[in-house]
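Step one of this worksheet: look at the structure below.
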Amino acid sequence: MIKIFILFVVAYVLYRSLKTWMFPASSSSRSVSGKTTTEIDDVMIKDPFCETYFPKRNGVHLKFGGKDLYFCCDQCKDKYLADRSAKKE
Ligand SMILES: [Zn+2]
């Protein structure tokens with residue numbers, strides 16, 4: 001049982017580090033030490049599709065109708081767009 005738990009933890013850590021490598025923009029501030037950033041990068045915003053709250057920097061950005069929208073994932077963005085185009089017709 002403990003073995004399975006350790007495997008799960010290792011998989012989770014690997015997943016997290018993979019995510020960091022895939023989105024290196026969030027780690028760019030690491031090189032600028034001593035400089036305080038005025039911008040809050042972990043502000044929580046609401047997904048307009050599934051109404052889940054998530055950190056803005058993890059969101060999927062979409063410019064829609066002149067507005068900046070953020071979604072928790074690509075699927076929500078796609079579903080939101082599909083939903084909107086369906087309502088127009
Ligand atoms: Zn969502």
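Computed from the coordinates by the stated procedures, all read-outs in this text should not be read as laboratory data. Not measured: the values here are computed from a predicted model. Cβ coordinates were reconstructed from backbone atoms using ideal geometry, including for glycine residues, and neighbour counts include every protein chain displayed.
Once you have a ≥ b ≥ c as the square roots of the Cα gyration tensor eigenvalues for region 39-80, tell me rounded if a/c is under 1.5, and otherwise prolate or oblate according to whether a/b is larger than b/c. It comes out oblate by the Cα gyration axes.
The label point for SER17 and the one for THR52, both projected 7 Å from the Cα toward the Cβ, are 2.5 nm apart.
Charge tally around PRO48: other residues with Cβ under 15 Å, Lys/Arg +1 each, Asp/Glu -1 each, net +2.
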